[in-house]
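J.: Submitted below is the structure of interest, expressed as structure tokens.
The values are calculated or read from the model by the stated rules, or taken from the named source; none is laboratory data. Not measured: the values here are computed from a predicted model. Cβ coordinates were reconstructed from backbone atoms using ideal geometry, including for glycine residues, and neighbour counts include every protein chain displayed.
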């Protein structure tokens, strides 16, 4: 039996072992987490614009967002009015990409995409606790917005 034949006949086993290994590696990575509200003074040796948050999502600084997204955040903070009729509707998080909460916790808002017809693919999704997430690819990926 060739290696290729073996992998084809055991593909589910290989997939499960690979997935479990990824979970174990991801869960065993040490972190340098400061307690909430503490004044930690240690900084990482390198600073990256995008980092991993505690919920496993990448983060993005508010000032790194496109102008249209920053404008949408200002509208969210002030309660509108919003330029698109679907802004503010419930985002159901059916994919489970965001932290789990009861349905109705998240609401979505459009961040206009220059040159796009209609609303375009960019959205900001905010939770009832004011934590907001950025997606530039119509919910395929998310980054938590650090404000």
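J.: Counting only residues that are under 14 Å from residue 89 (Cβ atoms) and within 18 Å of the chain's Cα centre (by Cα), which one in segment 108-126 is surrounded by the fewest Cβ atoms within 10 Å (Cβ to Cβ)?
T.: Step one: filter segment 108-126 for residues under 14 Å from residue 89 (Cβ atoms), giving 108-110, 119, 123-126.
From the residues that got through so far, the ones that are within 18 Å of the chain's Cα centre (by Cα) too are 108-110, 123-126.
On the way: 108: 19, 109: 24, 110: 24, 123: 23, 124: 24, 125: 21, 126: 21.
By that ranking, first place goes to 108.
J.: How many residues are in a loop (DSSP other than H, G, I, E, B), touching a residue at least 12 places away in the same chain (Cβ under 8 Å) and in contact with a helix residue (DSSP H, G or I) (Cβ under 9 Å, 6 or more places away or on another chain) if we restrict to segment 88-133? Talk me through it step by step, then tell me what you get.
T.: Taking segment 88-133 and keeping what is in a loop (DSSP other than H, G, I, E, B), we get 88-89, 92-105, 111-122, 127-131.
Then keep just the ones that are touching a residue at least 12 places away in the same chain (Cβ under 8 Å); that gives 88-89, 92-93, 95, 97-99, 101, 103-105, 111-114, 119, 121-122, 127-128, 131.
Remaining after also requiring in contact with a helix residue (DSSP H, G or I) (Cβ under 9 Å, 6 or more places away or on another chain): 88, 111-114, 122.
The number of residues fulfilling the criteria is 6.
J.: Here is a follow-up. I'd like the residue in segment 52-69 that is modelled with pLDDT under 95 and assigned to a loop (DSSP other than H, G, I, E, B) and, out of all such residues, is surrounded by the most Cβ atoms within 10 Å (Cβ to Cβ).
T.: By that ranking, first place goes to 57.
J.: Please work out if residue 72 is surrounded by 14 or more Cβ atoms within 10 Å (Cβ to Cβ), part of a strand (DSSP E or B) and at pLDDT 95 or above. Break it down into steps so the answer makes sense when it comes.
T.: Working: surrounded by 14 or more Cβ atoms within 10 Å (Cβ to Cβ): yes; part of a strand (DSSP E or B): no; at pLDDT 95 or above: yes.
It is false that residue 72 is surrounded by 14 or more Cβ atoms within 10 Å (Cβ to Cβ), part of a strand (DSSP E or B) and at pLDDT 95 or above.
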